[in-house]
Amino acid sequence: MNITRKILREHLLEGELEPGEEIAIKIDQTLTQDATGTMAYLELEAMGVPEIKTELSVSYVDHNTLQTDFRNADDHRYLQSVAAKYGIYFSRPGNGICHQIHLERFAAPGKTLLGSDSHTPTAGGMGMIAIGAGGLDVAAAMAGEPFYMKMPKVVKIHLEGKLQPFVTAKDIILEVLRRIGVKGGVNKILEYGGPGVATLTVPERATITNMGAETGATTSIFPSDEMTRKFLKAQGREDIWKEIKADEDADYDEVIEIYLDELEPMIALPHSPGNVKKVRDVEGREVQQVAIGSCTNSSLRDLKVVANLLKGKKVHERVSMVVAPGSRQVILHLIETRELSHIVRAGARILENACGPCIGMGQAPPSGGTSVRTFNRNFLGRSGTKDAMVYLASPETAVACAIYGEIRDPRELGDYPKIDLPEKFIIDDSMIIPPPAERENIEVVRGPNIKPLPEFAPLPPILEGEVLIKVGDDITTDHILPGGAKILPLRSNIPEISKYTFSIIDENFYSRAMEKKGGFIVGGENYGQGSSREHAAIAPKYLGIKAVIVKSFARIHRANLINFGIMPLIFDNPEDYDKIEQGHKLKIDYSGVDSGKLILQNLTTGEEYPIHHDLSEKELEIIKVGGLLPWIKKKQEG
């Protein structure tokens, strides 16, 4: 058996571990962050359970930390009080990024983790099956429900050799993206193996599993070995370590070989993490901003390298450079070793321990500017500046760009610094608040911006309406419902946040949807890639979207559509996509939905197109009752 099957077998509650078959697994741990967590806990409250039923659940505040008015601050008070009431650990604002802290303080080899953030697979660097999902799925797991998914194929990424100086874990995952793109991991788990694995530390492995989400993979995972044990020992958690490795004759559905010695520094060009080139092939472009941090590259290992590369140097006069450490533990080490001073003396600005610019919370680049970031996504407009050119690279490459003021190969910086991680990390969990033993009299605090989740009626037997928008391939959840400092504070207020639906693509979408009283969305391949934000399904549902008809869906967004009662439909013949335009009136006789095969009538042109759904029996039940929440309530009553 491979590692994936070993862990899934131990957690399997329903189904068979055959690719494409629906399975249900037990979830040991959950995590939420504040941008998705407020809605997830409103959903948990609606389920009527007195306390969580997972082994461990943690609520992190790391996204909406920019407090320009009362709304984010109110959400934080709500999150802290609801965590105390339901038995959930609460990580306070300023403690750090959820994935970095979870890796340091909670991740455990062989366990399952479900998180309301698409980069939850970061914990796969610890040998966990860690999966990103919508907030409603996470709420259901906290309430004791299994997590359902189609059994993915397991792809082995076989690593040979050892990385050369200035070539990093970020370059490994960029090479994977160069090969398979942003769709190549859909319905797959990427499992890393081979002798090259032993050369990578846990933080480096976490960089790779984190950004594996950009391939569309369900998750990514590394073995739990002596390197894992060393990291856990340094965190004072060696007692939870156990070895997990694939059998020597383990089967895989596919194998990809990467020779680490042959890799070079890589960079993703605008506006996709899959648009990857060698750094030396794009050298010379002027850079106005460099941003180092995010859940991908903000570990102590990364920032020690950054500090030592900047030692005695200055950031170019044209470059604004910012650094956001991933956790308090990281910055405390940099302070103790005085390495933080190298970063400050070089002219970089230190941001708080949070997601910050990665989620569009500040540090937008200048108009038409070039920003080199160590983040995981460079989608159009995500930075806050629509015409900015955002590149993704390793911390080493980012430092070279900051010093030279242009995109440069980091191997031009000279000797690679020798970095030693501490044998024992500074451990201070004082900003992680455990739930109290007595919780009966705890009052949940709600600010005026926190609105109840709207109730949605089941779909009628006939679906009819206009095509409100037609979009192309690789539409992201950022396109559907943007992030950023203006919109993120509205995450707990569906009527307000729905006004920004598709605003990056079409500023008139909201008014058109309201005028037409809903309708249809038509899209291309990989519709809904990117963030796990379920608001990209809830807001269209609120606006009356009856079905989304596309060539193919990204995994998490498809699940979110089902969870809120929107039919995810697929063209039988992809070329039929070209025959439909915005404004066409469509009709679907939904009464024949059990067969899986439906006819899409174009009332404007008189044409008919065969379409289908790939819903499991359970997913079809969820759609019929109006979504996952009413389905769970019906199950509890029955």
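The values are calculated or read from the model by the stated rules, or taken from the named source; none is laboratory data. Since the structure is predicted, the reported quantities are computational estimates derived from the model, not experimental observations. Heads up, the Cβs are rebuilt from the backbone with ideal geometry, glycines too, and the neighbour counts pull from every protein chain shown.
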Notebook entry, point to check: What are the residues in the range 223-268 that are under 23 Å from ASN526 (Cβ atoms) and crowded, with 19+ Cβ neighbours inside 10 Å, if any?
Noted result: MET266, ILE267, ALA268
Next item on the list: Quick one: in the range 14-34, of everything that is within 14 Å of GLY144 (Cβ to Cβ) and not small (Gly, Ala, Ser), which residue is nearest to the chain's Cα centre (by Cα)?
Entry: THR30
Check: Which residue, of THR207, THR228, is over 24 Å from ARG9 (Cα atoms) and either outside any strand (DSSP E or B) or touching a residue at least 24 places away in the same chain (Cβ under 8 Å) (or both)?
Finding: THR207
Margin query: I'm trying to understand the selection: among the residues of the range 494-545, which are of a type in the set (S, T, N, Q), at negative phi and touching a residue at least 60 places away in the same chain (Cβ under 8 Å)?
Written below: GLN529, SER531, SER532
Notebook entry, point to check: Restricting attention to the range 330-346, does a residue exist that is in contact with a Gly (Cβ under 8 Å, 6 or more places away or on another chain) and buried (at least 24 other Cβ atoms within 10 Å of the Cβ)?
Noted result: yes
Notebook entry, point to check: What residue, of VAL202, VAL138, VAL154, VAL186, is in contact (Cβ under 8 Å) with a residue 12 or more places away in the chain and closer than 30 Å to PRO410 by Cβ?
Noted result: VAL202
Item checked: Hits in the range 164-196 (condition: assigned to a helix (DSSP H, G or I) and either crowded, with 19+ Cβ neighbours inside 10 Å or among the polar types (S, T, N, Q) (or both)) -> ALA169, LYS170, ASP171, ILE172, ILE173, LEU174, GLU175, VAL176, LEU177, ILE180, GLY196
Note to self: Checking the structure you have, find out if any residue of the range 449-459 is more than 30 Å from GLY87 (Cβ to Cβ) and surrounded by 13 or more Cβ atoms within 10 Å (Cβ to Cβ).
What the structure shows: yes
Note to self: Would you confirm, using the coordinates I've provided, whether ALA324 is closer than 17 Å to GLN100 by Cβ, at pLDDT below 95 and surrounded by 23 or more Cβ atoms within 10 Å (Cβ to Cβ)?
What the structure shows: no
Check: If only one of GLY447, GLY484 is within 25 Å of the chain's Cα centre (by Cα), in contact (Cβ under 8 Å) with a residue 60 or more places away in the chain, part of a loop (DSSP other than H, G, I, E, B) and farther than 30 Å from THR201 by Cα, which one is it?
Finding: GLY484
Note to self: Among the residues of the range 544-552, are any assigned to a strand (DSSP E or B) and over 25 Å from ARG512 (Cα atoms)?
What the structure shows: no
Notebook entry, point to check: Are any residues in the range 608-638 more than 17 Å from PRO146 (Cα to Cα) and touching a strand residue (DSSP E or B) at 6+ places or on another chain (Cβ under 8 Å), and if so, which ones?
Noted result: GLU608, TYR609, PRO610, ILE611, HIS612, HIS613, ASP614, LEU615, ILE623
Item checked: Residue pairs meeting the criteria (Cβ under 8 Å; at least 6 apart or on separate chains; first outside the structural domain of GLY484 (by TED's automatic domain parsing) and farther than 17 Å from VAL323 by Cβ, in the range 367-387; second assigned to a loop (DSSP other than H, G, I, E, B) and of a type in the set (D, E, K, R)) -> SER367/ASP387; GLY368/ASP387; THR370/ARG285; LEU380/LYS386
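Quick grid of which residues meet (1) crowded, with 24+ Cβ neighbours inside 10 Å; (2) free of Cβ contacts under 8 Å to residues at least 12 places away in the same chain; (3) under 20 Å from ILE157 (Cβ atoms); (4) in the same structural domain as ASN560 (by TED's automatic domain parsing):
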| site | (1), (2), (3), (4) |
| --- | --- |
| GLY94 | no, no, no, no |
| ILE97 | yes, no, no, no |
| LEU114 | yes, no, no, no |
| SER118 | yes, no, yes, no |
| THR122 | yes, no, yes, no |
| MET128 | yes, no, yes, no |
Margin query: I'd like to check something: does the range 270-277 contain any residue that is surrounded by fewer than 16 Cβ atoms within 10 Å (Cβ to Cβ), of a type in the set (Lys, Arg) and at pLDDT 95 or above?
Written below: yes
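Which one of ILE350, ILE359 is within 27 Å of the chain's Cα centre (by Cα) and free of Cβ contacts under 8 Å to residues at least 40 places away in the same chain? Full working, then the answer.
Values: ILE359 fails: free of Cβ contacts under 8 Å to residues at least 40 places away in the same chain.
It is ILE350.
Somewhere in the range 112-127, is a residue part of a loop (DSSP other than H, G, I, E, B), under 24 Å from SER294 (Cβ atoms), of a type in the set (A, V, I, L, M, F, W, C) and within 19 Å of the chain's Cα centre (by Cα)? Spell out how you get there, then give the answer.
Quick first cut of the range 112-127, residues part of a loop (DSSP other than H, G, I, E, B) only: 116-119, 127.
Imposing the further condition that a residue be under 24 Å from SER294 (Cβ atoms) reduces the set to 116-119, 127.
From what is left, the residues that are of a type in the set (A, V, I, L, M, F, W, C) are none.
Scanning the range 112-127, I find no residue that is part of a loop (DSSP other than H, G, I, E, B), under 24 Å from SER294 (Cβ atoms), of a type in the set (A, V, I, L, M, F, W, C) and within 19 Å of the chain's Cα centre (by Cα), so the answer is no.
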Notebook entry, point to check: Considering the range 585-598 alone, what residues qualify as being surrounded by 13 or more Cβ atoms within 10 Å (Cβ to Cβ) and part of a strand (DSSP E or B)?
Noted result: LYS585, LEU586, LYS587, ILE588, ASP589, LEU598
